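Quick notes on the structure that follows.
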Ligand SMILES: Nc1ncnc2c1ncn2[C@@H]1O[C@H](COP(=O)(O)OP(=O)(O)O)[C@@H](O)[C@H]1O
Ligand SMILES: [Mg+2]
């Protein structure tokens, strides 16, 4: 649904986006994760046809950027970082103004559809200045959807919102996900990327890594389980180390950390070996790395590589 090849953008000689190649599938919620200045907004502006890349090509819904720009723009909806609504206009007027500007077919029908979806139809004649921050942001997202684009770009949709408003917005994105729309969401909120996205790209001018949040967490470190034991003895540790599939054993508080490739297949044998060696197992669980830890490690690697 989105395909980019070698996208590069310089501003006065400064490289903002460097050779980004990626593909986003139809219906996917794709996270674009990176620190401030990483080139997220620049990439979105390129992919929505607002600015041209210095080099590279991209296709949105089969339409090539720079060739078929009108079709590209019809295929994308964009929530910018600071999406102003008119606070003194009503909900209905805000959407109506936009529908008018963009020549949307059946503006009244579309405005009603989205106000109903937002559960704002009853409040359509109230000025939006009186709505909660979360509701205003949802309205801004709905505005980006009025022309029913198959691809929705959300640039930092929850930044600057309090936790409650952010949650309202996240829930709304969850609602949209079920409708087959492709959603490209820029964020520097790791928790948000983890919860919302099918896949995440980590960017810092260049693409550093693209994968599912779960694989990102696992991939850097390999898989491991933590075994809590009533007591750890050198004999227990040796018994575990002797297992052919065990890649490493590290003592941890109250037990052992065991690196292995496939806990689902190998844990039963691990447990049998521990029991046979007299171990008293309290519990055993896969070790989870937070996306945050992975992210900071990736950023450190990228910095070191750049030096
Ligand atoms: N219009 C512009 N003119 C000059 N530099 C820009 C412009 N837009 C962005 N940049 C620079 O490009 C880099 C990436 O910015 P941006 O894409 O906004 O990052 P992000 O959205 O990830 O925070 C930054 O160094 C920024 O200063
Ligand atoms: Mg930005």
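Return the total of residues in region 103-122 being loosely packed, with under 15 Cβ neighbours inside 10 Å and assigned to a helix (DSSP H, G or I). Steps first, please.
Taking region 103-122 first, the residues loosely packed, with under 15 Cβ neighbours inside 10 Å are 103, 105-106, 108-109, 116, 119, 122.
Within this subset, residues satisfying the condition of being assigned to a helix (DSSP H, G or I) are 108-109, 116, 122.
Matching residues across region 103-122 total 4.
Filtering region 254-267 for residues that are out of contact with any helix residue (DSSP H, G or I) (no Cβ under 9 Å at 6 or more places or on another chain), in contact (Cβ under 8 Å) with a residue 12 or more places away in the chain and part of a helix (DSSP H, G or I) leaves a non-empty set. When 90, 54, 8, 43 are screened for being surrounded by 14 or more Cβ atoms within 10 Å (Cβ to Cβ) and under 20 Å from the mean Cα position of the chain (by Cα), only 43 passes.
For residue 266, indicate whether it is surrounded by fewer than 16 Cβ atoms within 10 Å (Cβ to Cβ) and either under 34 Å from the mean Cα position of the chain (by Cα) or over 30 Å from residue 172 (Cα atoms) (or both). So residue 266 fails the test.
Just to be sure, is residue 118 away from ligand 2 (no atom under 16 Å from the Cβ), within 19 Å of residue 173 (Cα to Cα) and at pLDDT below 90? Write out each step before concluding.
Working: away from ligand 2 (no atom under 16 Å from the Cβ): yes; within 19 Å of residue 173 (Cα to Cα): yes; at pLDDT below 90: yes.
Yes, satisfied.
Being within 21 Å of residue 23 (Cβ to Cβ) and part of a helix (DSSP H, G or I) is the filter here, so list the residues in region 174-193 that pass it. Correct list: 176, 177, 193.
Residues of region 239-253 being more than 15 Å from residue 282 (Cα to Cα) and not in a helix (DSSP H, G or I), which ones? Even if it seems obvious, please write down each step before you answer.
Let us first name the residues in region 239-253 that are more than 15 Å from residue 282 (Cα to Cα), namely 239-251.
Answer for region 239-253, where residues must be more than 15 Å from residue 282 (Cα to Cα) and not in a helix (DSSP H, G or I): 242, 243, 244, 245, 246, 247, 248, 249, 250, 251.
Being more than 15 Å from the chain's Cα centre (by Cα) and over 18 Å from residue 274 (Cβ atoms) holds for only one residue in 237, 170, 181, 206, and it is 206.
Filtering region 214-238 to residues that are in a helix (DSSP H, G or I), touching a helix residue (DSSP H, G or I) at 6+ places or on another chain (Cβ under 7 Å) and more than 22 Å from residue 199 (Cα to Cα) leaves only 236. Are any of the residues in region 261-269 touching a strand residue (DSSP E or B) at 6+ places or on another chain (Cβ under 9 Å) and closer than 15 Å to residue 236 by Cβ? No, every residue in region 261-269 fails to be touching a strand residue (DSSP E or B) at 6+ places or on another chain (Cβ under 9 Å) and closer than 15 Å to residue 236 by Cβ. Could you tell me which residue of region 11-34 is nearest to ligand 1 (Cβ to nearest atom), considering only residues that are touching a strand residue (DSSP E or B) at 6+ places or on another chain (Cβ under 7 Å) and over 14 Å from residue 207 (Cβ atoms)? The residue in question is 29.
The values are calculated or read from the model by the stated rules, or taken from the named source; none is laboratory data. None of the values given here were measured: they were computed from a predicted structure. FYI the Cβ positions are ideal-geometry reconstructions off the backbone, even for glycines, and counts take in every protein chain you see.
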